[in-house]
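Below is one structure, written out as structure tokens; the observations come after it.
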Amino acid sequence: MGGYSSGRVGWRAKCENLLSIDVRRWARGGNLSRRYFGWQWTINGDRTCTIGVYTSDNHIELAYTKDGEQYRYPVRLTYTPCYLGGARRWFVCPSVRCQRRAAKLYLGSRYFACRRCYNLAYQSQCYSHHDRALTQAGKIRLKLDGEEGIAWPFPDKPKRMRWRTYERLRKRCEQHEGIANERLLNLAARWLE
Ligand SMILES: [Zn+2]
């Protein structure tokens with residue numbers, strides 16, 4: 001697979017290491033009222049990276065090429081009313097197991113997803129059952145030389161590990177992530193009320 005996950009055990013992603021898109025910046029800049037726009041980053045002063053963005057009322061479509069693969073998929077938009085009037089824009093994280101609203105999405109090995117999905121140096125203020133489950137799942141993924149967040153593919157079996165051990169860890173990780181997702185679905189339901 002190459003890229004971010006190659007051989008860096010226990011490496012924890014930091015926000016500034018990943019490309020990100022910011023819905024508020026786009027809303028302020030008038031980008032979201034255009035049918036299409038290109039968005040570009042400059043890396044280390046020279047290398048650039050560009051994505052195409054098609055917009056419509058309630059979603060955008062991201063189009064880009066990464067590591068030789070072409071991607072194009074929709075990201076839903078939503079908004080919440082502001083206290084002083086008007087509305088605040090949000091992305092809905094396109095990770096099917098997440099669907100949380102987020103102001104920013106980050107590009108991991110393949111897809112854009114929220115910081116939670118990529119476990120980006122997340123500092124939890126109230127450490128809930130859900131957060132603990134996510135932390136436990138992350139520990140298992142690290143043990144298997146993988147990345148912590150649920151948006152990353154589940155890591156392959158390390159060479160010296162027995163299959164039985166691997167399957168046991170995988171099952172446990174799925175249980176933890178199931179708890180985490182249940183909480184996310186409850187939160188999503190509350191937002192819809
Ligand atoms: Zn997410």
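The values are calculated or read from the model by the stated rules, or taken from the named source; none is laboratory data. Since this is a predicted model, take the numbers as computed values, not measurements. SASA here: full protein model, heavy atoms, side chains in, ligands and nucleic acids out. Shrake-Rupley method; radii C 1.70, N 1.55, O 1.52, S 1.80 Å.
Worth pointing out:
- Scattering profile of segment 19-113 at q = 0.18, 0.23 Å⁻¹ [log10 I(q)/I(0), Debye over alpha-carbon scatterers]: -0.85, -1.32
- The H on the amide N of residue 59, modeled in the peptide plane, is under 5 Å from the matching H of 77, each at least 5 residues off or on a different chain.
- Most to least accessible of 130, 176 (protein chains only, probe 1.4 Å): 176, 130
- Between residue 139 and residue 69, full extension at 0.36 nm per residue minus the direct alpha carbon distance yields a gain of 22.2 nm.
- Across every direction, the projection of the convex hull enclosing the Cα atoms of segment 40-177 has a mean area of 11.7 nm².
- Entries of 104/143; 143/171; 66/143 with Cα pairs more than 20 Å apart: 104/143; 66/143
- You can think of it this way: the chain between residue 171 and residue 79 has 29.5 nm of extra reach, that is 0.36 nm per residue less the Cα-Cα gap.
- Potential extension, residue 88-residue 54 segment - 0.36 nm per residue separation minus Cα distance: 10.2 nm
- For residue 111, the solvent-accessible surface computed with a 1.4 Å probe is close to 100 Å², ligands and nucleic acids excluded.
- Given a 1.4 Å probe and the protein chains as shown, residue 104 ends up with an accessible area of around 80 Å².
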